[in-house]
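Heads up, the thing below is written out as structure tokens.
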Amino acid sequence: MCVGSVANKLIGLGEGDVDKGNVDEVFDQWGKKLIPVLKGTEDSLPSEINDFESESEDELSEEDNVVEDDIVDLVDIAGKDPSNRSTVEVKANGKVNGEKEMVTPLVRRNLEKQGYKIIGSHSGVKICRWTKSQLRGRGGCYKHSFYGIESHRCMEATPSLACANKYDKGDEGSSWCEPDRLAEGLSPRHCALSLVGEPIMYPEIKSLVDELHRRRISTFLVTNAQFPEKIKSLKPITQLYVSVDAGTKDSLKAIDRPLFSDFWERFVDSLKALREKQQRTVYRLTLVKGWNTEDVDAYSSLFGIGNPDFIEIKGVTYCGSSATSKLTMENAPWHSDVKDFSEALAQKSNGTYEVACEHAHSCCVLLAKVDNFKVKGQWHTWIDYDKFHDLVATGERFSSEDYMAPTPSWAIYGAKEGGFDPQQSRYRKERHHKQPS
């Protein structure tokens with residue numbers, strides 16, 4: 001929980017067995033124990049909990065921003081309690097508990113060091129720092145601003161840690177939690193199937209999506225554009241992303257370091273497959289200064305291939321030096337750089353796309369199709385999630401326009417809030433840098 005690093009545990013760790021089918025039952029029992037504790041009086045809580053808010057906010061926030069020198073894509077640290085570490089046995093023959101392992105022991109250690117929990121031999125989950133942020137009432141991620149997700153009710157997972165690329169990358173994506181928000185967080189409504197790896201490679205991805213939708217949990221699935229046939233076979237996804245890491249064949253090879261020799265053909269075919277989807281589709285662009293920020297013309301030439309509903313443009317986040325990454329602070333663009341690139345890209349579309357939203361904290365900007373999502377001068381980039389699940393349940397065909405919702409004024413590009421929800425409490429960490437002697 002949120003206080004795991006500074007106080008005693010409120011309740012014990014709950015464990016269930018997926019194979020024996022008792023996970024839901026065990027989780028419900030665990031949740032029933034937790035919520036009364038959170039809503040109890042101060043006297044009913046351990047003394048360490050009562051004293052929690054008097055702890056130094058700066059000291060607690062430092063832990064959320066730890067950077068390991070040998071780790072790439074480090075957002076935050078979670079699950080640091082040694083007693084909760086994985087007990088999976090890795091055998092000498094490369095098998096885990098008798099089954100072939102997808103990740104090597106070294107990769108497993110690195111992922112766990114970053115806060116990932118490895119599930120079996122192929123999947124991983126991680127608590128996003130924005131989940132923690134909105135639990136504290138301090139604002140949600142850019143998806144909250146752009147699409148109306150509730151960050152404290154969103155979970156991140158990848159069903160397949162394997163990937164077709166070996167790219168160098170940075171980040172893609174405490175105080176006491178508010179009890180009501182944590183209670184809501186125990187009933188997630190959104191699932192981001194992204195993180196590391198390639199979720200679409202999971203053999204049971206369609207069954208997983210069906211189960212999430214059956215529980216009325218929305219799906220945001222990200223693919224690296226190397227498996228076009230998999231994209232074609234997908235059932236409706238709430239929002240389907242393709243990572244467009246470069247605009248040309250040479251730059252894509254340099255940035256993604258793909259494993260397939262026909263990577264560019266796979267990439268283009270994946271964009272074509274995206275075009276056939278009826279639900280919401282997105283190109284995700286990660287800007288790396290000095291690598292791809294000058295490729296406006298090349299990127300704009302890809303718009304007509306996939307015809308996405310939206311284009312997300314996000315600056316890469318520097319996460320520390322690493323033997324596997326050549327990125328430095330010089331490669332991380334400012335929000336003003338991202339805005340300039342986004343405006344230039346929108347202009348190249350000749351009116352098809354306009355800059356719709358921004359989230360300044362994440363250095364992220366959203367382009368949206370004018371004809372589809374700007375209704376009588378009002379942007380409709382948000383999602384009516386209940387409507388989406390109702391449409392899925394009918395089994396009939398539907399389009400992205402059938403479940404769109406109005407975008408609030410604070411999330412619109414150029415608003416004084418910069419994409420920060422005014423109902424949240426803005427928190428700016430005080431940094432006490434030592435002056436040179």
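With the condition kept exactly as written, say whether any residue in the stretch 363-375 is modelled with pLDDT under 95, of a type outside the set (A, V, I, L, M) and either within 16 Å of G139 (Cα to Cα) or surrounded by fewer than 22 Cβ atoms within 10 Å (Cβ to Cβ) (or both).
The first filter runs over the stretch 363-375 and keeps only residues modelled with pLDDT under 95, leaving 363.
Still in the running and of a type outside the set (A, V, I, L, M): 363.
From what is left, the residues that are either within 16 Å of G139 (Cα to Cα) or surrounded by fewer than 22 Cβ atoms within 10 Å (Cβ to Cβ) (or both) are 363.
Looking for residues that are modelled with pLDDT under 95, of a type outside the set (A, V, I, L, M) and either within 16 Å of G139 (Cα to Cα) or surrounded by fewer than 22 Cβ atoms within 10 Å (Cβ to Cβ) (or both), one finds at least one in the stretch 363-375, hence yes.
Taking the listed residues A344, A356, the one that is modelled with pLDDT of 95 or more and crowded, with 22+ Cβ neighbours inside 10 Å is A356, with no other qualifying.
In this entry, Q378 passes the filter for residues that are exposed (fewer than 14 other Cβ atoms within 10 Å of the Cβ), at pLDDT 95 or above and of a type in the set (S, T, N, Q). Take the conditions (1) β-branched (V, I, T); (2) open to solvent by 60 Å² or more (accessible area, probe 1.4 Å); (3) in contact with a strand residue (DSSP E or B) (Cβ under 7 Å, 6 or more places away or on another chain); T394 misses just one of them, which is (3). Across the stretch 395-414, what is the number of residues that are more than 24 Å from the chain's Cα centre (by Cα) and part of a helix (DSSP H, G or I)? The number of residues fulfilling the criteria is 1. Under the condition of being closer than 14 Å to I311 by Cα, touching a strand residue (DSSP E or B) at 6+ places or on another chain (Cβ under 7 Å) and of a type in the set (A, V, I, L, M), the residues counted in the stretch 341-387 number 9.
Out of all the residues in the stretch 313-331, is one or more touching a helix residue (DSSP H, G or I) at 6+ places or on another chain (Cβ under 6 Å), open to solvent by less than 20 Å² (accessible area, probe 1.4 Å) and either within 28 Å of R153 (Cβ to Cβ) or not in a helix (DSSP H, G or I) (or both)? Give the steps one after another, and end with the answer.
Applying the first criterion (touching a helix residue (DSSP H, G or I) at 6+ places or on another chain (Cβ under 6 Å)) to the stretch 313-331 yields 313, 315, 318.
Filter once more, so that each one left must be open to solvent by less than 20 Å² (accessible area, probe 1.4 Å): 313, 315.
Pick out the ones that are also either within 28 Å of R153 (Cβ to Cβ) or not in a helix (DSSP H, G or I) (or both) and you get 313, 315.
Within the stretch 313-331, one or more residues are touching a helix residue (DSSP H, G or I) at 6+ places or on another chain (Cβ under 6 Å), open to solvent by less than 20 Å² (accessible area, probe 1.4 Å) and either within 28 Å of R153 (Cβ to Cβ) or not in a helix (DSSP H, G or I) (or both).
Quick one: in the stretch 341-386, which of the residues that are aromatic (F, W, Y) and in a strand (DSSP E or B) is nearest to Y403 (Cα to Cα)?
W382
Taking helices (runs of 4 or more DSSP H) that do not extend beyond the stretch 184-299, which have at least 2 residues that are closer than 22 Å to S399 by Cβ and open to solvent by 10 Å² or more (accessible area, probe 1.4 Å)? Break it down stepwise before answering.
Values: elements: 205-214, 228-233, 249-256, 263-275.
By residue number, 205-214, 228-233, 263-275.
The values are calculated or read from the model by the stated rules, or taken from the named source; none is laboratory data. Computed from a predicted structure; not experimentally measured. Every residue, glycine as well, gets a Cβ built from its backbone with ideal geometry; the counts of neighbours run over all protein chains shown. Quick note on the areas: whole protein, heavy atoms, side chains included, nothing else; ligands and nucleic acids left out. Shrake-Rupley method; radii C 1.70, N 1.55, O 1.52, S 1.80 Å.
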